[in-house]
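Encoded as structure tokens, the structure appears first; notes follow it.
Only the coordinates and a few stated rules stand behind these numbers; no lab work does. Treat the numbers as computed from the prediction; the structure is a model and nothing was measured. Here the Cβ positions follow ideal geometry from the backbone for every residue, glycine too, while neighbour counts run over all protein chains shown.
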Amino acid sequence: MHVRSFQLSDCNPVTELLRIALSEECYENTMKPFSRQLAWDSDLIMVAEEDGEIVGALIGTIERNHGCYYRIAIHPDHRRKGIGKALVSAMEQRFQSRKVSRILVAGDEHNAAAMPFYEALGYGANQILKSFQKLSIVSQQ
């Protein structure tokens, strides 16, 4: 498995991954923020490849000097193989290189199932961004 920054050629495979890995409602709610983040700073979208296929993606953003994990998606056939952990680790490094003051997890209803995963990585309740709707990539500006 190889984790790297998003590239323009990843657009269709990542969109398909999001469609497969997320619920329909989550997918619909994720596409505009994904597009906004792509336009603003695609380096904060990480992908995981296995045998040339994109099997995971993590959408991050920086808001008021806070790094935020917005959405993680792992292909159902590739879960529980350390892909999510590798994506979070790579994004943590990206956030640290940008010298963010804190790293948070977007605490929306679609991330509820992923919270035990983030907690296992050391992200406790004080690192859950409750007011995620105020993220620039989510709000209608």
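Observations, loosely collected:
- Within segment 2-134: Cβ-based charge dipole about Cα centre, in debye rounded to nearest 20 (Lys, Arg +1; Asp, Glu -1): 620 debye
- Note: relative contact order over the chain, using C-alpha pairs below 8 Å and six or more positions apart, is 23 percent.
- Across the options MET31, GLN127, LEU44, the greatest Cα extent toward the positive end of the charge dipole of segment 2-134 (unit charges at beta carbon of Lys, Arg, Asp, Glu) belongs to GLN127.
- The three principal axes of the Cα atoms in the chain give end-to-end lengths of 36, 33, 29 Å, sorted in falling order.
- Counting only residues at least eight positions apart within a chain, or on another chain, the aspartates and glutamates with an alpha carbon under 17 Å from that of LYS85 are GLU49, GLU50, ASP77, GLU119.
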